[in-house]
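This report concerns only the one structure given below.
Read-outs throughout are calculated quantities, based only on the coordinates presented, and are distinct from any laboratory measurement. Everything numeric in this text was worked out from a predicted model, so none of it was measured. Virtual Cβ from ideal backbone geometry, glycine too; neighbours counted across all protein chains shown.
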Amino acid sequence: MAKDKVAVVDYKAGNLKSVETALDYLGADFLVTHDPDALRGAARVIFPGVGEARASMEVLQASGLGQAIVDFFQSGRPLMGICLGTQIIFEHSEERDTACLGLVKGKVRRFPESGGLKIPQIGWNQVVHSDSHPVFKGIPENSNFYFVHSYYPQADIQEQVMARTEYGITFSSAVARDNLFASQFHPEKSGRWGLKLLENFLGWNP
Amino acid sequence: MLAKRVIVCLDVRDGKTTKGVKFKGNVDIGDPVAMAKKYYDQGVDELVFYDITASHEKRSIMIEVVRNVAKEIFIPFSVGGGIASVEEMRAVLLAGAEKISLNSQAVKNPKIIEQGANLFGNQCIVLGMDAAKDESSPSGYRVYINGGRVATELDALAWAKLAVKMGAGEIVLNSIDADGTQDGYELNITRMISENVGVPVVASGGAGTPQHLVDVLTKGKADAALVASMTHFGHYSVPQIKEYMAQHHVPVRMDY
């Protein structure tokens, strides 16, 4: 049964292997699932993903996983978004003009092509956080995390912005509200600080 | 600020890391999983594995290596060498690699770039390109395949642009002229490619000292620099290279 477990949402958006190996390394009891009921019944949920917003939203809607994520959020148990998963919890993505789940107020936009900015942003960038969120506990301010993305999230409500990162513009690299924490960067590929952040999430009881 | 990446490249043959020494063929230098772990602990930003296994039958050995590496390191790594189909790409990605590097196979069948990008996303598809000076090519550089042994009809800049258009999310540019010399990267072609494509460019070939990395990441406009011999043979450690880069004002990740 899923009720003591961490559920990792499998919605055919990219490779979940690195999330799995990181959770294995941390000794987490987890399952990778595309079953909406298994999600609803989980102790905590990780919503990862790499890919394209529109196609992913279509899969989430057709499978019932999108609603299951919203239901899970409303249960009050800890929910974490990573990369595309994070973009999809916002209201809207510019990527093929896609309406998203809307758990966090704000939009996802494409990086500006001007100014010689390389797109996608690939690599390690500084995550400027105020150390106020339990999921960042023990992680120094301005730590480097690994990013791979062409679109960036911008939250409307400043109190929900947990970290900012600069790449051409300054964007919301981590957001949180209630029992939700979501990062644009990939903690599972961000070395020691990434593992620390995942460990913090696994122990977080909002 | 986005850091400039230091990437270590490991050539793998029959499950062992190997290194080509000019005119002497390849010598085995260690277990790729143990070496990956060592470089991870030293703070390398990314790793690249090139499968140079000659026989097709031994491909499964590489998948096993990828799977074991993925258990030990929590940074991105890419895998290249002879990958010719989306099925092979999928196998490598599911074993835990972050990216696929396509080189000769992309020249022979450019559609594979598009197919891979559509299935796995542009960020998964790296174009590996071997280029050498050639006055008769429009940009002054020509593309080579099969480990740099066979000249193609392709101009280096035109090929880079086409590959990006087809879905390559990054380019690893290896200069055949500089490769193995340890005299420094080829700055001209690196800058030319980097300034003319919209995706990150990784410089490869010629690194011998930390100053060479600083040069290619500043004057050469590269987004990342690949090293092999420099670190494999113990001339420099990754922290030594990074500290030197930081002292010379190159943005670099030091908090590993």
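Footprinting exposure proxy ranking of B:ILE125, B:ILE63, fewest other C-beta atoms within 10 angstrom first, gives B:ILE63, B:ILE125. Near A:GLU199, once Lys and Arg are set to +1 and Asp and Glu to -1 for all other residues with Cβ below 11 Å from its Cβ, the sum equals +3. Counted over the protein assembly as shown, the DSSP beta bridges are approximately 45% antiparallel. Close amide H contacts of A:ALA155 (hydrogens built in the peptide plane, cut-off under 5 Å, sequence separation of 5 or more or a different chain): A:SER172.
Exposure proxy ranking for B:ASP51, B:ASP41, B:ASP223, based on other Cβ atoms within 10 angstrom of each Cβ and starting from the fewest, stands as B:ASP41, B:ASP223, B:ASP51. Mean per-residue shielding of peptide B:186-193 is 0, counting Cβ atoms of other chains within 10 Å of each Cβ. With 0.36 nm allotted per residue and the present C-alpha distance subtracted, the B:ASP255-B:ASP177 stretch has 24.6 nm of extension available. Evaluating 6.51 cos²θ - 1.76 cosθ + 1.60 at θ = phi - 60° for every residue in the stretch B:58-73, the Karplus couplings come out as 8, 4, 5, 4, 5, 4, 5, 4, 4, 4, 6, 5, 4, 6, 9, 10 Hz, glycine and proline recorded as x.
Kirkwood's formula applied to the C-alpha pairs of the stretch A:6-203 gives a hydrodynamic radius of 16.5 angstrom. The convex hull of the Cα atoms of the protein assembly as shown, projected and averaged over all directions, covers 20.3 nm².
Classified by the C-alpha gyration tensor, chain B has a rounded form. Its axis ratio a/c, with a ≥ b ≥ c, is below 1.5. Only beta bridges with both residues in chain A are counted; by DSSP, about 60 percent of them are antiparallel.
Backbone amide hydrogens, once placed in the peptide plane, bring B:GLY30 within less than 5 Å of B:THR17, excluding anything fewer than 5 places away on its chain. Pairs of Cα atoms nearer than 8 Å and 6+ residues apart set the relative contact order; for chain A it is 19 percent. Each distinct pair of alpha carbons in the stretch B:86-198 adds a 1/r term; the inverse of their mean, the Kirkwood radius, is 14.3 Å. Remark: mean inter-chain Cβ contacts per residue of A:13-22 equal 5, using a 10 Å Cβ-Cβ cutoff to other protein chain atoms. Shielding by partners for peptide B:71-78, expressed as the average number of C-beta atoms from other protein chains within 10 Å of each residue's C-beta, is 6. Positive contributions from Lys and Arg (+1) and negative ones from Asp and Glu (-1), summed over other residues with Cβ under 12 Å from the Cβ of B:ASP51, come out at 0. The mean sequence separation of alpha-carbon pairs under 8 Å and at least six residues apart, normalised by the residue count of chain B, gives a relative contact order of 18 percent.
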